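In what follows, a single structure is set out as C-alpha cells and then discussed.
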Amino acid sequence: MQVIVDSLQGVTLAGGGPFGKAQLARALRFAPRIVGADGGADRLLALGAKPEAVIGDMDSISDQAKAQMAGRLFPIAEQVTTDFDKALRSIRAPFVLGIGFAGARLDHGLAVLNTLLRHPDQRCLVISPQDVIFLAPLQLQMDLPLGSRFSLFPMAPVTGESEGLRWPLQDLHFAPDAMIGTSNEVSGPVQLRFSARKMLVILPIRSLQAALIGLGVGSDARGG
C-alpha cells in the first residue's frame, strides 16, 4: 500500500457526493488536512478549499479541476475498488473524516460501508448532515446524552455485550439478514464489547466529538 498523504493530524476526505460549507467547516474543525477523492476535488474547489492531494481513478474530476490541481493528482487506475477505498488506503493519519460519501446514491453508500469493513485499522468516520458512522472497535466506551439515538448495524455475524443502552446486546446474535440494532437509546455511560470488528455504529452528528474520543483520538480533535 502506497502512502500518499502522511499526517499527524486528522484528514478530511471529500467525495463527489453532496456536501456544503457547514459540513466542510465541521469536518475541518477536527481534521484540518484536506484530500479529495476524484470528483470530490470539484466540490472542494467550488467551496474555496484546495485539497493537498486528489486520489482516485480520475474519471469524475473535471478538466478545470485537473488544471487547478496540477502536481497534486495521484491517479490509481484499477477499477476493482472505489475512489473512497483508493483514497482511504493511501492516507496515514490518526483518523479520517469522510464527507460527500453519504446520501448521493444508495449503491455508493453501500460501497462506502463495505470499505469501512475492509480497512479496520483505519479510523474513519463518515459524516452526513444528520449522522456519523464508523466501524466499532472490539471495545468502545462513550459518554453521550441520555436518550440519545444509538444505532448498531452488523455487516457480518457478530455478538456483543453492552452497558448504558436501553436494550442490552447480551445473548443476541446479530447478522445483516437477521437481528440488527438500529434505534437503540443511551441510558447511561456506554460500554460495548464485540466478538469481531463487524459492527457499524451510527450516531447523531452532534456526537462526532464523543465518537472521536471513544475511538481514542479525542486529543487530536481540535473542534467542539
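The values are calculated or read from the model by the stated rules, or taken from the named source; none is laboratory data. Please read all numbers here as calculations on a predicted model, not as lab measurements. No Cβ is skipped: glycine too gets one built from the backbone with ideal geometry, and neighbour counts run over all protein chains shown.
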Inset, instruction - Answer yes or no as to whether Ile55 is among the β-branched types (Val, Ile, Thr) and either at pLDDT below 95 or over 22 Å from Leu215 (Cα atoms) (or both). - result: yes
Inset, instruction - Determine which single condition Leu125 fails, assuming it passes every other condition in (1) at pLDDT below 95; (2) of a type outside the set (Lys, Arg); (3) not in a loop (DSSP other than H, G, I, E, B). - result: (1)
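Taking the conditions exactly as written (under 25 Å from Arg105 (Cα atoms) and out of contact with any His (no Cβ under 9 Å at 6 or more places or on another chain)), does Pro51 satisfy them or not?
Working: under 25 Å from Arg105 (Cα atoms): yes; out of contact with any His (no Cβ under 9 Å at 6 or more places or on another chain): yes.
When the stated conditions are applied, Pro51 passes them.
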Legend entry - Sole exception among (1) over 13 Å from Leu13 (Cβ atoms); (2) modelled with pLDDT under 95; (3) in contact with a strand residue (DSSP E or B) (Cβ under 8 Å, 6 or more places away or on another chain); (4) not acidic (Asp, Glu) for Pro75, by number: (2)
Inset, instruction - Give me a count of the residues in the stretch 181-197 that are buried (at least 21 other Cβ atoms within 10 Å of the Cβ) and within 20 Å of the chain's Cα centre (by Cα). - result: 3
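This table checks each residue for (1) touching a residue at least 40 places away in the same chain (Cβ under 8 Å); (2) not in a strand (DSSP E or B).
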{"residue": "Val132", "(1), (2)": "yes, no"}
{"residue": "Pro137", "(1), (2)": "yes, yes"}
{"residue": "Pro145", "(1), (2)": "yes, yes"}
{"residue": "Ser162", "(1), (2)": "no, no"}
{"residue": "Trp167", "(1), (2)": "no, yes"}
{"residue": "Ala211", "(1), (2)": "yes, yes"}
